[in-house]
Amino acid sequence: MTGEMQITYDLEVTLTAPPGGILDSIAVKIEFEPKVSGCLIYGKDRDGNFDFVEVHGNQEKLELPFAHPEIYVKYLNDLQHIRVWTLGFRDSGR
């Protein structure tokens, strides 16, 4: 996927992490309702290209491989409610 591609999403979230494309990853906790649902989480790498992670069920800790804190969530499997907490992040050390 390139940075210019259009994606369809249900929710846009800015995680608590530094902006500017300096991150290696962002650690999050995710809760779904119902718990058997899931989502695709899109984010951008350092070059501005979109990547995604598919998540099913509640996750205590998940590393999102994104350089930017803005994420876009596409609901799957009848997802009705989602909560996302930032647990931490790793920066590139630049």
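What number goes with the only condition from (1) assigned to a strand (DSSP E or B); (2) over 10 Å from V28 (Cβ atoms) that D78 does not pass? Result: D78 fails condition (1) only. If you check K29, K44, K35 for being under 12 Å from I71 (Cα atoms) and out of contact with any helix residue (DSSP H, G or I) (no Cβ under 9 Å at 6 or more places or on another chain), only one passes: K44.
For residues that are part of a loop (DSSP other than H, G, I, E, B) and modelled with pLDDT under 95, scanning just the stretch 56-66, find the one that is surrounded by the most Cβ atoms within 10 Å (Cβ to Cβ).
Applying the filter and picking the extreme gives N58.
The values are calculated or read from the model by the stated rules, or taken from the named source; none is laboratory data. Everything numeric in this text was worked out from a predicted model, so none of it was measured. Positions of Cβ are backbone-derived with ideal geometry, glycine not excepted, and every protein chain shown enters the neighbour counts.
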